Amino acid sequence: MARTPVIAGNWKMNLDHLEAIQLVRQLVYHLVADVFDAAELVGVPPFTALRSLQSLIEGDRLRLALGAQTCSEHDAGAYTGEVSPVMLAALRVRYVICGHSERRTLFGETDEVVNRKVAAALRAGMTPILCVGESGEQRDAGVADAVVTRQVRAGLAGVAPEQVAQLVVAYEPIWAIGTGRTATPDDADAMCGVVRATVADVAGTDAADAVRVQYGGSVKPGNIRELMSRPHVDGALVGGASLDAEDFAVICRFSRR
Ligand code: 13P
């Protein structure tokens, strides 16, 4: 089955709304129209830039989807400081990153919390980007497959197979995030394959054929082409390199199979 690649730039806690507008303007300037047919492109800014980018994207009819970096597991109520998935959907945010390793390690998000956020994003009509990935110690101990399998199973618990088919899973080994040390294309493909096999296990082969699996961790203009040439790699979740319009444009351009 032909899966449309999905390339997402996770800006993390960088760029205020004015800088975000500038980056998107530069990005579309560097992109040629056929890129938009070859891949789905997603910008994932801090919450404070979502409204400005929504206006820019809709006003100029840009073919860039918006994503959020996390969301509350609740729709509304007394949860000071949280951001509701329903309110994100009202800004036409299409994707929500759930369970990024920084949320798991720095903010204590467990597999159960991540699963509830996946459910909340789906309930609001958005597409979760479920992040999974092992630490360096876990890889050295030979338990990377087991860790990723557990995270995928737990993250997707209770999600209907038809919904699993629609979503995105990002394999992001923690040791590759922000380190400049990328997984080899073969390792990335093998682990994205583990994700797909687990999806087949929990939601069936149709869902596994349809689900898009991204690789993330030090994706750069110099390594995207090889990563994307592998059968199980359906896209990339890009951190640092997505903050540079030219670099991110090159990554988007090489997202073709
Ligand atoms: P880097 O591309 O900076 O390694 O970050 C990856 C990441 O965490 C994307 O979510």
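So is SER255 at positive phi and either surrounded by 17 or more Cβ atoms within 10 Å (Cβ to Cβ) or touching a Gly at 6+ places or on another chain (Cβ under 9 Å) (or both) or not?
Numbers: at positive phi: no; either surrounded by 17 or more Cβ atoms within 10 Å (Cβ to Cβ) or touching a Gly at 6+ places or on another chain (Cβ under 9 Å) (or both): yes.
The answer is no for SER255.
Can you tell me which condition CYS98 does not meet? The list is (1) in contact with a Pro (Cβ under 6 Å, 6 or more places away or on another chain); (2) over 23 Å from GLU40 (Cα atoms), and all the others hold.
Tallying (1) in contact with a Pro (Cβ under 6 Å, 6 or more places away or on another chain); (2) over 23 Å from GLU40 (Cα atoms), CYS98 fails exactly one: (2).
What tally of residues in the stretch 138-151 results from selecting those that are in contact with an Asp or Glu (Cβ under 6 Å, 6 or more places away or on another chain) and either among the small types (Gly, Ala, Ser) or surrounded by fewer than 18 Cβ atoms within 10 Å (Cβ to Cβ) (or both)?
Number of matching residues: 1.
Which of the residues spanning the stretch 199-243 are in a loop (DSSP other than H, G, I, E, B) and within 11 Å of the ligand (Cβ to nearest atom)? I'd like the intermediate steps shown before the answer.
Here is the first cut: in the stretch 199-243, the ones in a loop (DSSP other than H, G, I, E, B) are 204, 211, 217-223, 229-234, 239.
If the condition is that a residue be in a loop (DSSP other than H, G, I, E, B) and within 11 Å of the ligand (Cβ to nearest atom), then GLY217, SER218, VAL219, LYS220, ASN223, GLY239 are the ones that fit.
Given the criterion assigned to a helix (DSSP H, G or I), small (Gly, Ala, Ser) and surrounded by fewer than 21 Cβ atoms within 10 Å (Cβ to Cβ), identify the matching residue among ALA154, ALA188. Talk me through it step by step, then tell me what you get.
Values: ALA188 fails: surrounded by fewer than 21 Cβ atoms within 10 Å (Cβ to Cβ).
On inspection, the qualifying residue turns out to be ALA154.
Go through ARG104, ARG94, ARG63 for me and flag whichever is on the phi < 0 side of the Ramachandran plot, surrounded by fewer than 19 Cβ atoms within 10 Å (Cβ to Cβ), basic (Lys, Arg) and at pLDDT 95 or above.
Numbers: ARG104 fails: surrounded by fewer than 19 Cβ atoms within 10 Å (Cβ to Cβ); ARG63 fails: at pLDDT 95 or above.
Just a single option satisfies the conditions, and that option is ARG94.
What are the pairs with Cβ atoms under 8 angstrom where one residue, in the stretch 99-113, is part of a loop (DSSP other than H, G, I, E, B) and the other, located anywhere, is open to solvent by 50 Å² or more (accessible area, probe 1.4 Å)? Sequence gap at least six, or different chains.
As it stands, the answer is GLU109/ARG103, since those pairs meet every condition given.
Could you please find all residues in the stretch 157-181 being of a type in the set (Asp, Glu) and outside any helix (DSSP H, G or I)?
Answer for the stretch 157-181, where residues must be of a type in the set (Asp, Glu) and outside any helix (DSSP H, G or I): just GLU172.
Quickly run through the stretch 188-240 and pick out the residues that are closer than 19 Å to PHE254 by Cβ and either without any contact (Cβ under 8 Å) to a residue 24 or more places away in the chain or among the β-branched types (Val, Ile, Thr) (or both).
First, pick out the residues of the stretch 188-240 that are closer than 19 Å to PHE254 by Cβ: 188-189, 192, 212-240.
Passing the criteria: VAL213, VAL219, GLY222, ILE224, VAL233, VAL238.
Looking at (1) hydrophobic (A, V, I, L, M, F, W, C); (2) crowded, with 19+ Cβ neighbours inside 10 Å; (3) assigned to a loop (DSSP other than H, G, I, E, B); (4) more than 16 Å from the ligand (Cβ to nearest atom), which is the one condition that is false for LEU88?
(3)
The values are calculated or read from the model by the stated rules, or taken from the named source; none is laboratory data. In this text the structure is predicted, and so the values were computed from the model without any measurement. We place every Cβ from the backbone using ideal geometry, glycine too, and count neighbours over all the protein chains shown. Accessible surface is based on the protein model in full, side chains and every heavy atom, while ligands, DNA and RNA are left aside. Shrake-Rupley method; radii C 1.70, N 1.55, O 1.52, S 1.80 Å.
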